[in-house]
Amino acid sequence: MPTVRANNIDIYYEESGPADAPVILLVMGLGTQMIAWPEDMIQGLVAQGFRVIHYDNRDVGLSQRMDGAPAPNLIWTMVKARVGLPTRAAYTLTDMMQDGIALLDALGIAKAHIAGASMGGMIAQTFAINYPHRTKTLISIMSQPGEMTVGQATPEAMALIITPAPSTRDEYIAFAPNWQLWQSKKYRSDEVSRRNAIRDFDRSNYPEGGPRQMAAIYASGSRAEGLQKLQVPTLVIHGTDDQLITPSGGERTAELIPNSTLLMVDDMGHDMPQPLWPFYLDAISK
């Protein structure tokens with residue numbers, strides 16, 4: 001397996017495209033494996049002249065699991081964050097960002113385009129704030145800047161995201177269509193939901209990691225001050241159907257980052273549906 005020891009964490013990654021091409025680092029979101037990046041999109045970026053690297057964040061997929069780290073009380077963590085009290089977590093988004101930096105170091109890559117989706121967008125923002133000299137461009141997809149007043153999930157979406165998924169394979173697959181709540185209203189599909197659930201469960205099922213990653217989000221606080229100082233070319237993409245990170249999260253991210261470009265996408269929720277892949281490819285490559 002292509003695994004490197006980076007930031008004292010074993011990180012599983014894959015790469016596609018010529019070794020001497022400009023690098024795009026893809027960072028996925030909360031509790032989601034790197035295989036959620038559509039292979040056709042990856043190959044489309046390669047065809048446009050990029051070297052694409054994507055990886056499993058710590059605590060998900062085939063990267064290192066933080067076994068033994070305390071499980072957070074998510075309700076209490078969210079309450080404290082909303083009233084401005086400090087929260088504790090096994091690690092923060094900065095630690096997760098350092099995993100990505102260490103992966104690039106291990107591969108001998110000095111600078112890259114950084115694209116992140118959802119929590120991955122938060123990690124990508126943290127990357128650009130702390131390492132602007134290593135960030136060619138920032139692409140923040142269906143994400144938000146860490147402020148408690150924007151991009152918050154609808155009550156229904158929040159109730160679903162903190163509901164533990166079933167532990168058996170058949171029940172997990174049967175439950176998967178529930179996650180369509182925050183997906184594209186036009187393109188959601190029971191068949192696609194179940195197919196992705198089979199893919200994900202069979203590759204790696206580790207429900208313990210998701211709550212720790214969510215705690216990391218709340219413990220990391222606002223990135224607004226750092227984003228306001230960014231001089232990195234930035235593209236912000238957000239779906240108008242998104243109920244998990246509602247559209248104000250993307251709007252506020254673009255408002256904070258000087259000279260950024262905001263693309264609000266109709267028929268996109270908290271997902272990247274196949275009919276929109278050509279749009280994403282065009283927007284990202286530009």
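The values are calculated or read from the model by the stated rules, or taken from the named source; none is laboratory data. Fair warning: this is a prediction, and the values are worked out from it, not measured in the lab. Methodologically, a virtual Cβ is constructed for each residue, glycine included, from the backbone with ideal geometry; neighbour enumeration extends over all protein chains shown. Ligands, DNA and RNA are stripped out before the accessible areas are found, and what is left, the full protein with its side chains, is counted by its heavy atoms. Shrake-Rupley method; radii C 1.70, N 1.55, O 1.52, S 1.80 Å.
Summary table below
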{"read-out": "Global size of the stretch 221-285 as Cα Rg and Dmax, reported in angstrom", "value": "12.4, 36"}
{"read-out": "Percent antiparallel among DSSP beta bridges (both partners in the stretch 1-66, rounded to 5)", "value": "60 percent"}
{"read-out": "Reference-scaled alpha-carbon Rg (2.2 N^0.38 Å with N residues) for the stretch 80-229", "value": "1.16"}
{"read-out": "All lysines inside 22 Å of LYS186 as judged from Cα atoms, apart from same-chain residues fewer than 8 positions distant", "value": "none"}
{"read-out": "Area accessible to solvent at THR240, 1.4 Å probe radius, in Å²", "value": "60 Å²"}
{"read-out": "Mean residue ellipticity (222 nm) of the chain, computed from DSSP H runs ≥ 4 via -39,500 (n - 2.57), nearest 500", "value": "-11000 deg cm²/dmol"}
{"read-out": "Virtual spin-label span in nm between ILE75 and ALA174, 7 Å along Cα→Cβ", "value": "2.7 nm"}
{"read-out": "DSSP-defined beta bridges in the chain - what % are antiparallel, rounded to 5", "value": "25 percent"}
{"read-out": "Probe 1.4 Å - accessible area at GLU255, Å² to nearest ten", "value": "130 Å²"}
{"read-out": "Rg/Rg_ref, the stretch 22-142, where Rg_ref = 2.2 N^0.38 Å and atoms are Cα", "value": "1.12"}
{"read-out": "The stretch 84-143: relative contact order in percent, alpha carbon pairs under 8 Å with at least 6 residues between", "value": "35 percent"}
{"read-out": "The stretch 95-233, relative contact order [Cα under 8 Å, separation at least 6], %", "value": "26 percent"}
{"read-out": "Amide H partners (placed H, <5 Å) of LYS136, local residues excluded", "value": "ALA112, HIS113, ILE114"}
{"read-out": "Average projection area in nm² (convex hull over Cα atoms of the chain, one quarter of hull surface)", "value": "13.5 nm²"}
{"read-out": "Reachable aspartates and glutamates, given that their alpha-carbon falls under 13 Å from the alpha-carbon of LYS229 and they are not under 8 places away in the same chain", "value": "GLU255"}
{"read-out": "Residues whose placed amide H lies under 5 Å from that of VAL27, excluding near-sequence neighbours", "value": "ALA115, GLY116, ALA117"}
{"read-out": "Å³ per residue enclosed by the Cα convex hull of the stretch 148-286", "value": "126 Å³"}
{"read-out": "Relative compactness, the stretch 148-198, computed as alpha-carbon Rg over 2.2 N^0.38 Å", "value": "1.26"}
{"read-out": "Residue-by-residue Karplus 3J(HN,Hα) for the stretch 138-152, coefficients 6.51, -1.76, 1.60, Hz, glycine and proline x", "value": "10, 10, 9, 10, 6, 10, 7, x, x, 8, 6, 9, 9, x, 6"}
{"read-out": "Long-range amide H partners of GLY239 with built H, under 5 Å", "value": "MET142, VAL265"}
{"read-out": "ILE217 - accessible surface, heavy atoms, 1.4 Å probe, Å² rounded to 10", "value": "40 Å²"}
